[in-house]
Amino acid sequence: MSKKLMLIDANSLLYRAFFALPPLENSAGQPTGAVYGFINMLMKLREDYPTDYIVAAFDLPGPTRRQEQFAEYKAHRPKMPPELRDQFTIAKEVLTALGIPIVGEQGYEADDLVGTLAVRARNEGMFAWIVSGDRDILQVVAPDTEVILTQKGLSQIKLYDTDAVFERYQVEPRQLIDVKALMGDSSDNIPGVPGIGEKTAIKLVSQYGSLENVYEHIEELKVRVRQNLEQYREQAEISRELATIDLAAPVDIEWPPAAPEPDEEKLYQLFKQLEFNTLLERLNLSRSAPEAPQLELETFSEPGEVNALFAGDSVAVLFNAAGFAIGREDRTWLCVEDAAAAVKPALLKFITTEGKTLITDDAKAVHRFALEQDELVRCRVESCQLAGYLLKPGSNLDVPQLVRVWTEGGLDQQPEQADAEYILHHAGLLPRLWRRLESELAEAGLTDLYQEIELPLARVLARMELNGVSVDIRELETIGEELAQRISGLEQEIWSLADGEFNINSPRQLGEVLFDKLGLPPVRKTKTGYSTDSGVLEALQGDHEIIPLVMDYRQLVKLQSTYIDGLKGVWDRESGRIYTTFNQLVTATGRLSSTEPNLQNIPIRLEEGRRIRKAFVAGGGYRWLLAADYSQIELRILAHIAGDTRLVEAFRAGEDIHRHTAAEIFEVAPDQVNDDQRRAAKAVNFGLVYGQTDFGLSQALGISRAKAKAYIDTYFKRYPGVREYMDQIMETAHKQGYVTTLWNRRRYLPEINSRNYQRRSFAERTAINTPIQGSAADIIKLAMVEVERRLDSEGIVTRMLLQVHDELVLEVPDEELQWAGRLVRRAMEQVADLDVPLVADLKYGANWYDMSPLVLESDSNA
């Protein structure tokens, strides 16, 4: 029997663990969540996939060969959070104590290293499992190399062999490189060929076998695809190189690698320091607690037992793609396939009955279940995930993690992660878990936030997700064609200024043009040539007229690939709509986010980006889109929280707050304020909301730091209440380690007392902003709940589609426009009682771009 090797892409798993788990830390304030998740995953893998050898690969600091080849590769990714960076060192210490060899090579990424070692193992008759969260590694799959791909954080995995890869992508593993060359990869900033998405790329590679063969048969392709391929051939070839995992990296490791031999004393000391008590017990490194009885798990199969499942007034339910599980005090019935179909009517009857209580993980899933069958939830729903999110903001905990985090509270049973229904096995624990969470919500003063905002919002979001938003695909294609023409025009202008054609998307060729041909001063060089990243181009602004053209070109190419092609890829042909997912459990500030696609991040700074909104239209018999936007809500909240008399009175009087601030700062009458002064005052107003310093303001306005400081000092002199608020909130944050919104939402600040100046400064700026931004998030959520309540109570068919920060977008029939406008404005402006008025501006139009102010008849007659 051949030896088995497990290769761990440690960078990938640590990143996933960091963002999947709550920001755990030990009593010394040392962040530990990513390491905890990583080690738990590793232990589980070792149990499920017994191996002879294990190797963990890490990226090393510094540029990679791909970045030297293409400066924009991964350039858009944010820097590693400092809380995660420190945990890489800890993870390596733990791996060493576990006896697991670690590899890392300068200039190579972890997937290059595991790919190289997989080939080495194959050549020596060994079988290899590669563990990663990055789908790029699937290109390495072979008969004796399989990939264990982590999904949804670390809670799910999928095993890919050659058949599974082909089933998913309809191409062989190595052909995935050619697919990526054509479609690109926005996560890695691999450009690909504009206009070619995943479906087209797979079709081309499946039909012709390779990128080279696609070009050999280019004359057989449709005109638009052919033109794009011809125009961006070099870009496709560069993308192929970037997408190719190096299978001959210079990995320095003893071979075969040593079999794991843990240093138990070292592990004990590390886990005690990190306070990983559960892991100490799991590895038998300390006294083991008495073994807890296992949950009683039954696979439900008898339709006659349905009534027994819902006999009481309270039941726990977990939804899953495989079905759902019904739980009651340490007992779970697993309902899948035919059993799920048999139980569904009884479950629907239960949740549509008043007086019943359903405990679940995801309240939104319960509402979607009912709404998809044209019913409303009438029972009381309690969501363990929502409660966990409020207690540990930004953690996005699933049920197994909730059970683990609150184990110390008395949940002494944790099922073994034995199969794909792992999460469902916890249904029987939900009643006790909920009692613990409910108690902690009350103790933290979060019950009202949970019951009045987050819980009712889940139903609103479920309905919005099912509504979707209508998209005029022809308009979207027209915008895409116009973008392509604009891109082509910029290309011609750039070539004219460069006195010759070249590939603008090639950093090497662009660098040669800018610095060798045009003689611009180099800002930064790499091993392969001049850097031309966004920072370099920003630094060269004003040195040559070609620079702003190149910057515009890059922005438009991104608009084309990310938004035009991206939206077309998720457009539902049958309904003509796009359906997003609203995430209620992600951000630490309380703001909503949306994914697949992200409809909250359509760029509007460029006119070309704003025009994308023109494709979003009223559909399905509706006539108008109605947009309701809170006016300067964060500044109004600042005025309320700070209680500054001048600021409060300015808002009460309905003044232009930026003009008012300019008059105070520059000591002139409001009617004497010029545009530059108002612009400066606006920067000060919004900058201070986000804790901006004099340096940041000087950069934003292009003025000296001394002048920026003078503006800020004058501002605080005129608005002393704001200064007092900032001093007070900073003191509170340093003392208790968190700050709260007006509705008591918490934002924990583990770095607020850090010795590191940068970390501490960031935490202090967050302390200033969170009560303001977080309260704005609470208000818009309250408004959504109230708007939905009033729409239902008045029985009109107007419906909510989108929430984008401080704006709500609704779909309205012609005869309800005035009615809906009044309803929405009143709901939004009356939902919170502040010392200053809330103001909602209304606009309407046939699409989201061409919108006019909505003048309500009651307003015009006033």
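The values are calculated or read from the model by the stated rules, or taken from the named source; none is laboratory data. What you see is a predicted model; the values in this text were computed from it and never measured. As a convention, Cβ positions derive from the backbone with ideal geometry for all residues, glycine included, and neighbour counts pool all protein chains shown. Keep in mind that these areas ignore ligands, DNA and RNA; they rest on the heavy atoms of the full protein, side chains included. Shrake-Rupley method; radii C 1.70, N 1.55, O 1.52, S 1.80 Å.
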Q) What number, in percent, do you get for the relative contact order of the range 593-727 if the mean sequence gap of Cα pairs under 8 Å and at least 6 apart is divided by its residue count? A) 21
Q) Carbon and sulfur: what percent of the range 222-282's accessible surface (1.4 Å probe)? A) 43
**Q.** Whole-angstrom gap from the range 685-750 to the range 653-684, using each part's C-alpha centre
**A.** 19
Q. When all alpha-carbon pairs of the chain are counted, what percent fall beyond 47 Å?
A. 29
Q: Pairs of Cα atoms under 8 Å, at least six residues apart: use those to get the relative contact order of the range 695-750, whole percent.
A: 16
Q. Which of rounded, prolate, oblate describes the range 633-729, given a ≥ b ≥ c as roots of the alpha-carbon gyration tensor eigenvalues and a/c under 1.5 marking rounded, otherwise prolate only if a/b is larger than b/c?
A. oblate
Q | Charge dipole (debye, nearest 20) of the chain; +1 at Cβ of Lys and Arg, -1 at Cβ of Asp and Glu | A | 1480
**Q.** Highest to lowest packing among 200-208, 370-378, 545-553, scored as the average C-beta count within 10 Å
**A.** 200-208, 545-553, 370-378
Q | Whole-percent carbon and sulfur share, accessible surface of the range 497-546, 1.4 Å | A | 44
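Restricting to bridges with both residues inside the chain, how much of the DSSP beta-bridge set is antiparallel, in percent to the nearest 5?
On the way: 51 of 80 bridges.
Around 65 percent antiparallel, to the nearest 5.
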Q) Residue by residue, what Karplus-based ³J(HN,Hα) values in Hz, rounded to whole numbers, does the range 241-255 have, using 6.51, -1.76 and 1.60 with θ = phi - 60° and x for Gly and Pro? A) 5, 5, 7, 7, 6, 6, 9, 9, 6, x, 8, 9, 8, 4, 10
Q.
Can you give me the orientation-averaged projected area of the convex hull built on the Cα atoms of the range 51-157, in nm²?
A. 8.1
Q. Lys/Arg Cβ at +1, Asp/Glu Cβ at -1, dipole of the chain taken about the Cα centre: which of Q139, V836, Q273 is farthest positive-ward?
A. V836
Q: Could you pull out every residue, at least 5 positions away or on a different chain, whose amide H is within less than 5 Å of the one on I8? Hs are placed 1.01 Å off N in the peptide plane, and Pro or chain starts have none.
A: V55, A56, A57, V131
**Q.** Long-range HN-HN contacts of I157 with modeled amide H, under 5 Å
**A.** Q151
Q) Among the trypsin sites (Lys or Arg not before Pro) within the range 565-597, which fall in a DSSP loop and have no more than 16 other Cβ atoms within 10 Å of their own Cβ? A) R573
Q.
Output wanted: per-residue J couplings in Hz (rounded whole) for the range 783-794, from phi through Karplus 6.51 cos²θ - 1.76 cosθ + 1.60, θ = phi - 60°, x for Gly and Pro.
A. 5, 4, 5, 5, 4, 5, 4, 6, 4, 5, 5, 8
Q. Excluding same-chain residues fewer than 8 positions from K781, which lysines have a Cα within less than 25 Å of its Cα?
A. K364, K392, K843
Q) At what distance in angstrom do the alpha carbon centres of the range 780-800 and the range 375-392 lie from each other? A) 20
Q.
What's the magnitude of the charge dipole for the range 695-771 around its Cα centre, counting Lys and Arg as +1 and Asp and Glu as -1 at the beta-carbon? Answer in Debye, nearest 20.
A. 140
Q.
Output wanted: per-residue J couplings in Hz (rounded whole) for the range 841-849, from phi through Karplus 6.51 cos²θ - 1.76 cosθ + 1.60, θ = phi - 60°, x for Gly and Pro.
A. 8, 10, 9, 9, x, 6, 9, 7, 9
Q: For D362, enumerate residues with amide H under 5 Å from its amide H, sequence gap 5+ or separate chain, H modeled in the peptide plane.
A: F319
Q. With every protein chain left in place, what is the accessible area per residue of the chain in square angstrom, probe 1.4 Å?
A. 44
Q: Specify the inter-centroid distance of the range 211-225 and the range 486-531, based on alpha-carbon positions, in whole Å.
A: 28
(Q) How big is the dipole moment of the range 427-516 about its Cα centre under a simple scheme where the beta carbon of each Lys and Arg is +1, that of each Asp and Glu is -1, and everything else is neutral? Debye, nearest 20, please. (A) 780
Q.
What does the charge count around G519 come to, taking other residues whose C-beta lies under 13 Å from its C-beta (Lys +1, Arg +1, Asp -1, Glu -1)?
A. -3
Q. Between Q106, N26, V94, whose Cα lies farthest towards the positive end of the dipole of the range 1-154 when Lys and Arg beta carbons carry +1 and Asp and Glu beta carbons carry -1, centred on the Cα centre?
A. N26
Q: Over the range 55-189, calculate the relative contact order: mean separation of alpha carbon pairs under 8 Å at least 6 apart, over the residue count, as a percent.
A: 23
